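Novice: Got a structure for you, written out below as structure tokens; questions coming shortly.
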Amino acid sequence: MVLSQTYILGPMWKVSISSVTMQGSSRRTGTMTDVHRRFLQLLMTHGVLEEWEVKRLQKHCYKVHDSNAPVEKLEDFIHNINSVLESLYIEIKKGVSEDDGRPIYALVNLATTAVSKMASDFAENELDLFRKALELIIDSETGFASSTNILNVVDQLKGKKMRKKEAEQVLQKFVQNKWLIEKEGEFTLHTRAILEMEQHIRETYPDAVKICNICHGLLIQGQSCETCGIRMHLPCVAKYFQSSSEPRCPNCNDYWPHEIPEVFDPEKERGAALSKPNRKSLRPRQH
């Protein structure tokens, strides 16, 4: 199966998918159809979506190209696409948000270094601002960096001089492009950034990096044991202590002193999202 079109992968970077042929491999590969290709093109436009949005996008693509066909299981559907993207070092990755555990899908470029993926859309001093923000976030105990602390390093940036007002605007661009999340004047990494940059962060900040004791994934924000110091993502905390009346640390068995968050309920969340008025549709213009 051949793809012969140049796609824009969200607002941050682009890649030419030209004359890419599905090759046989030792693992099972599926068949790329017009449904898969349209789905890939639209996901590239959005860059990152929540799971319920991905499922809705998948159903839309079936409706447009093959309304009589049964909708393929999402896991298999994504695998079929990834088997084609593998040779391009691109992958549709699934992760969960650190604050509430909602599943997130992102189109990840594996071929370039983490921050360089942003180079086509940001100037040298803007990229350096992101690096400074990233360092502050990784070094912090909470996984957040205040806007004040980030703006205080503006004078240290490489390249063209940047004013603090300009830096504030650049930070908002990072938020809009889903590299950062802002909460009450503080910034942390978006799930998209974690999916793309986990390996980079582990290699660049080995002494400061934090790992979840349950899933062993990179941890930016979460809870920690006050006795032994282990850390856990909030969604991992929610699932691990779901049935515990007296939550205890999985490492030292001491009492877990933090509030236990609720386990994410996708059906409840989806119903709430769909009930919001004037929600922007994922369906783009027909080409």
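Novice: Can you give me the number of residues within region 208-232 that are β-branched (Val, Ile, Thr), part of a loop (DSSP other than H, G, I, E, B) and open to solvent by 20 Å² or more (accessible area, probe 1.4 Å)?
Specialist: 4
Novice: Looking at Tyr205, is it aromatic (Phe, Trp, Tyr), over 18 Å from the mean Cα position of the chain (by Cα) and open to solvent by less than 60 Å² (accessible area, probe 1.4 Å)? First the steps, then the outcome.
Specialist: Working: aromatic (Phe, Trp, Tyr): yes; over 18 Å from the mean Cα position of the chain (by Cα): yes; open to solvent by less than 60 Å² (accessible area, probe 1.4 Å): yes.
Here the answer is yes, as Tyr205 does meet what is asked.
Novice: Kindly provide the set of residues from region 119-143 that are of a type outside the set (D, E, K, R) and within 18 Å of the chain's Cα centre (by Cα), ordered by number.
Specialist: Answer for region 119-143, where residues must be of a type outside the set (D, E, K, R) and within 18 Å of the chain's Cα centre (by Cα): Phe130, Ala133, Leu134, Ile137, Ile138, Gly143.
Novice: Might you check whether a residue that is out of contact with any strand residue (DSSP E or B) (no Cβ under 8 Å at 6 or more places or on another chain) and either of a type outside the set (Ser, Thr, Tyr) or modelled with pLDDT of 90 or more (or both) occurs anywhere in region 186-197?
Specialist: Checking region 186-197: not a single residue is out of contact with any strand residue (DSSP E or B) (no Cβ under 8 Å at 6 or more places or on another chain) and either of a type outside the set (Ser, Thr, Tyr) or modelled with pLDDT of 90 or more (or both).
Novice: A follow-up question, please. Regarding region 189-202, can at least one residue be identified that is under 17 Å from the mean Cα position of the chain (by Cα), surrounded by 14 or more Cβ atoms within 10 Å (Cβ to Cβ) and basic (Lys, Arg)?
Specialist: The answer is yes, given that some residue of region 189-202 is under 17 Å from the mean Cα position of the chain (by Cα), surrounded by 14 or more Cβ atoms within 10 Å (Cβ to Cβ) and basic (Lys, Arg).
Novice: To continue, here is another question. I'd like the residue in region 233-261 that is in contact with a Pro (Cβ under 8 Å, 6 or more places away or on another chain) and not in a loop (DSSP other than H, G, I, E, B) and, out of all such residues, is most open to solvent (accessible area, probe 1.4 Å).
Specialist: Checked region 233-261; the qualifying residue most open to solvent (accessible area, probe 1.4 Å) is Tyr255.
Novice: Identify all residues within region 52-92 that are out of contact with any Asp or Glu (no Cβ under 8 Å at 6 or more places or on another chain) and among the charged types (D, E, K, R); write none if there are none.
Specialist: If the condition is that a residue be out of contact with any Asp or Glu (no Cβ under 8 Å at 6 or more places or on another chain) and among the charged types (D, E, K, R), then Glu53, Lys55, Arg56, Lys59, Lys63, Glu72, Lys73, Glu75, Asp76, Glu86, Glu91 are the ones that fit.
Novice: Mind checking which helices (runs of 4 or more DSSP H) fall wholly inside region 106-199 and carry at least 3 residues that are farther than 30 Å from His258 by Cα? Working first, answer last.
Specialist: Values: elements: 124-139, 147-151, 164-176.
Of the helices (runs of 4 or more DSSP H) lying wholly inside region 106-199, those with at least 3 residues that are farther than 30 Å from His258 by Cα span 124-139, 164-176.
Novice: Listed residues Val64, Val20, Val35; which is at pLDDT 90 or above, among the β-branched types (Val, Ile, Thr) and open to solvent by less than 40 Å² (accessible area, probe 1.4 Å)?
Specialist: The conditions single out Val35.
Novice: Okay, next question. Given the criteria under 23 Å from Ile194 (Cα atoms) and either without any contact (Cβ under 8 Å) to a residue 12 or more places away in the chain or assigned to a loop (DSSP other than H, G, I, E, B) (or both), does Gly95 qualify? I'd like the intermediate steps shown before the answer.
Specialist: Working: under 23 Å from Ile194 (Cα atoms): yes; either without any contact (Cβ under 8 Å) to a residue 12 or more places away in the chain or assigned to a loop (DSSP other than H, G, I, E, B) (or both): no.
Spelling it out, it is not the case that Gly95 is under 23 Å from Ile194 (Cα atoms) and either without any contact (Cβ under 8 Å) to a residue 12 or more places away in the chain or assigned to a loop (DSSP other than H, G, I, E, B) (or both).
Novice: Which residue out of Thr148, Thr142 is within 22 Å of Gln221 (Cα to Cα), open to solvent by 70 Å² or more (accessible area, probe 1.4 Å) and modelled with pLDDT of 95 or more?
Specialist: Thr148
Novice: Scanning region 67-85 for residues that are in a loop (DSSP other than H, G, I, E, B) and of a type in the set (A, V, I, L, M), which turns out surrounded by the most Cβ atoms within 10 Å (Cβ to Cβ)? So that I can check it myself, show each step before the final result.
Specialist: Initial filter on region 67-85 (in a loop (DSSP other than H, G, I, E, B)): 67-73.
Imposing the further condition that a residue be of a type in the set (A, V, I, L, M) reduces the set to 69, 71.
Numbers: Ala69: 10, Val71: 14.
Ranking the qualifying residues of region 67-85, first place goes to Val71.
Here's the yes/no breakdown for (1) free of Cβ contacts under 8 Å to residues at least 40 places away in the same chain; (2) farther than 26 Å from Ala106 by Cα:
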residue: Arg163; (1), (2): yes, yes
residue: Lys178; (1), (2): no, no
residue: Gly185; (1), (2): yes, no
residue: Thr191; (1), (2): no, no
residue: Glu196; (1), (2): no, no
residue: Glu203; (1), (2): yes, no
residue: Glu246; (1), (2): yes, yes
residue: Asp254; (1), (2): yes, yes
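The values are calculated or read from the model by the stated rules, or taken from the named source; none is laboratory data. All of these numbers come straight from a predicted model, not from anything done at the bench. Cβ coordinates were reconstructed from backbone atoms using ideal geometry, including for glycine residues, and neighbour counts include every protein chain displayed. We work out accessible area using only protein heavy atoms, side chains counted, and drop any ligands, DNA or RNA first. Shrake-Rupley method; radii C 1.70, N 1.55, O 1.52, S 1.80 Å.
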